[in-house]
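None of the figures in this text is laboratory data; all of them are computed from the coordinates on show. Source: prediction; values computed, not measured. Every residue, glycine among them, receives a Cβ derived from its backbone with ideal geometry; neighbour counts consider all protein chains shown.
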Amino acid sequence: MRVVSEIRPWYIIMENVPGIITMKKGAVKAEICQAFIDIGYSNVSVAILESAAYGIPQIRPRTIFIANKFGMINPYPKPQLLPHQYKAIESAISDLPELTPIPEINHQWTRHSQEYMKRLAKVPPGCSLYKTYADAFKRQYLGKPSMTIKENHGGTHIHPYLNRVISAREMARLQSFPDSFIFEGSMKKAMWQIGNAVPPRLAECIGYALIPFLNKIAKVRKKEEGRRKEST
């Protein structure tokens, strides 16, 4: 909020997990909205967007706050795909080498012992290797979008048919990052960056929804500036 109050952008976009809406019986959401209002952004909207509906091969619902200080509507992008049209995990990762790492593009994964791989082989789709991990070490489904990905102690979800966890690059593709986007640092740090990122494709869709309104504001401000110059 401090940065926003100093920069004063026309629109604010903030992303978080869906649970923030109901956290403390809605009090957290209310506090965030009030914080925007207190610094002059009187029009605040909140919506949950499903990333898979925008062409991202991953089920990843996200809470998106949008606020502006002009009293204009806060536009959200219309879904591009219906649930039965969501992209399957293999559409994003099937062309990557299955067993040969490519460090140059972050195509690396946690190396497993033979014993560990035998344990992975027994995990069916949708089930987890560990009962205590709800967001990692689950076998992905073929023919469906990826489950929500997240780095968890060096582990992510299990590949749909290989006995290994998915690689950092496979994670990146499931987040809609292009292969040209290289993540710096160790493999674990790369996975952490990817797992905590907003899918670029989703951010792009939100940005495009805002463009007409930003253009409208720019035109109004230009006219106002012209009138001020004429009056002086």
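With a cut-off of 8 Å between alpha carbons and a minimum separation of six or more residues, what is the relative contact order of the range 88-197 in percent?
Answer for the range 88-197 is 31 percent.
Annotation: aspartates and glutamates with alpha-carbon distance below 18 angstrom to Lys131 (same-chain offsets under eight excluded): Glu151.
Working note: Karplus 6.51/-1.76/1.60 with θ = phi - 60° gives the range 9-15 the couplings x, 5, 10, 10, 10, 10, 10 Hz, where Gly and Pro are set to x. Angle between the Cα long axis of helix 200-231 and the longest principal axis of the chain, 0 to 90 degrees, nearest 10? Once rounded, one gets 10 degrees. The structure shown yields Rg/Rh (Cα atoms, Kirkwood Rh), and of the options (1) 0.95; (2) 0.99; (3) 1.07 that calculated value carries the label (3).
Using θ = phi - 60° in the Karplus curve 6.51 cos²θ - 1.76 cosθ + 1.60, the 3J(HN,Hα) couplings for the range 89-104 round to 4, 5, 5, 9, 10, 5, 8, 7, x, 6, 10, 10, x, 10, x, 4 Hz; x is entered for Gly and Pro. When the alpha-carbon atoms of the range 88-197 are used, the pair Rg, Dmax equals 12.7, 36 angstrom.
Placing unit charges on the Cβ atoms of the charged side chains and taking the dipole of the range 88-197 about its Cα centre, the candidate lying farthest along the positive direction among Tyr133, Asn106, Met187 is Tyr133. With R₀ set to 41 Å, the beta-carbon distance separating Lys118 from Val17 gives a calculated FRET efficiency near 0.75. With θ taken as phi - 60° and the Karplus curve 6.51 cos²θ - 1.76 cosθ + 1.60 applied, the whole-hertz 3J(HN,Hα) list for the range 110-126 is 5, 7, 10, 6, 4, 5, 5, 5, 5, 5, 4, 4, 8, 8, x, x, x Hz, x standing for glycine and proline.
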